[in-house]
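The structure appears right after this line, and notes come after that.
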Amino acid sequence: GSAATLSALAMGFELTGAGEDFAAAFLDRFVLSDPPQLAPDAPVLPLIRLCTYATKDKGLACIERLRVLTGQGLLEVDGGFPESYATGAELYLKGDATTAVETWRADIMDPRVRPHLRPEAFDAQKDPELANSIDAARGHLDGGVVSARHMRMARRAVAGEDMVLARRLAREVVKHLADGDVEIAGMDEMQKLAKPNE
């Protein structure tokens with residue numbers, strides 16, 4: 001799939017809150033199968049991002065498989081395999097957000113890598129500015145559609161006591177996502193936040 005398709009898949013994982021199950025099914029079918037069902041030009045950065053939504057064991061196996069496939073020349077990666085990004089993703093999957101964030105700091109300025117970092121890890125390390133910069137970069141990648149990044153940015157605005165921004169973002173989420181066929185994780189929170197002060 002294209003980078004945009006894989007990014008849309010990741011957005012779906014985030015919105016439904018069922019990422020582990022859906023990611024595992026995707027990875028089993030396309031990355032971990034023998035032979036893998038990936039085109040030689042499959043974009044590795046969004047694939048690694050998808051690995052981070054799976055269970056620890058499945059995600060680690062996914063990243064290692066992508067590393068091996070790249071080393072064997074079965075995946076063509078412009079500039080080589082993104083080792084620091086992959087290492088940070090492995091640390092994230094192992095539950096070590098602190099070291100993952102430190103590893104990813106080298107990647108934050110790379111516009112190819114930034115949208116694929118996990119902003120939740122930066123939130124956990126109390127770094128809302130970098131988390132927002134990742135979510136902003138994702139907006140460019142996904143065409144600006146309303147997604148879970150708006151929910152994260154609304155929560156950060158609340159934490160920063162910017163209630164005007166928080167309500168504006170929450171209203172966007174409610175307007176575009178509340179009436180869909182799929183239950184959205186965190187929608188109740190956004191609906192409460194979107195209401196004007198009484």
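In segment 45-67, how many residues are modelled with pLDDT under 95 and within 16 Å of P35 (Cβ to Cβ)?
1
Here's the yes/no breakdown for (1) of a type in the set (V, I, T); (2) open to solvent by 50 Å² or more (accessible area, probe 1.4 Å):
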site	(1), (2)
A25	no, yes
F30	no, yes
I48	yes, no
L60	no, no
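Under 9 Å by Cβ, and 6 or more places apart or on different chains, what pairs join a residue from segment 1-17 that is among the charged types (D, E, K, R) and part of a helix (DSSP H, G or I) with one that is at pLDDT 75 or above and buried (at least 20 other Cβ atoms within 10 Å of the Cβ)?
What qualifies is E14/Y53; E14/S147; E14/A148; E14/R149; E14/M151; E14/R152.
From (1) modelled with pLDDT of 90 or more; (2) farther than 28 Å from G95 by Cβ, pick out the condition that doesn't hold for R118.
(2)
Just need a number here: residues in segment 135-186 that are modelled with pLDDT of 85 or more, under 20 Å from P119 (Cα atoms), of a type in the set (V, I, T) and open to solvent by 50 Å² or more (accessible area, probe 1.4 Å).
1
With the structure loaded, tell me whether E189 is assigned to a helix (DSSP H, G or I), within 23 Å of A86 (Cβ to Cβ) and either of a type outside the set (S, T, N, Q) or open to solvent by 40 Å² or more (accessible area, probe 1.4 Å) (or both) or whether it fails that test. Quick ask: steps written out before the conclusion?
Numbers: assigned to a helix (DSSP H, G or I): yes; within 23 Å of A86 (Cβ to Cβ): no; either of a type outside the set (S, T, N, Q) or open to solvent by 40 Å² or more (accessible area, probe 1.4 Å) (or both): yes.
No; evaluated as a whole, the condition is false for this residue.
What pairs come out if I take residues in segment 178-196 that are more than 15 Å from R167 (Cβ to Cβ) and pair them with residues that are among the acidic types (D, E) and outside any loop (DSSP other than H, G, I, E, B) whose C-beta lies under 9 Å away, six or more apart or interchain?
These pairs meet every condition: A185/E14.
With the condition being closer than 16 Å to A10 by Cβ and of a type in the set (V, I, T), I'd like the helices (runs of 4 or more DSSP H) fully within segment 20-115 carrying at least 2 qualifying residues.
On the way: elements: 44-51, 56-71, 83-93, 97-104.
Helices (runs of 4 or more DSSP H) meeting the threshold: 44-51.
Report yes if E161 is acidic (D, E) and in contact (Cβ under 8 Å) with a residue 40 or more places away in the chain, otherwise no.
Details: acidic (D, E): yes; in contact (Cβ under 8 Å) with a residue 40 or more places away in the chain: no.
Criteria not met by E161.
The values are calculated or read from the model by the stated rules, or taken from the named source; none is laboratory data. Computed from a prediction, not measured in an experiment: that's the story for all the values here. When we count neighbours, we look across all protein chains shown, and the Cβ atoms used for this are built from the backbone with ideal geometry, even at glycine. What goes into the accessible areas is simple: the full protein's heavy atoms, side chains included, and nothing from ligands, DNA or RNA. Shrake-Rupley method; radii C 1.70, N 1.55, O 1.52, S 1.80 Å.
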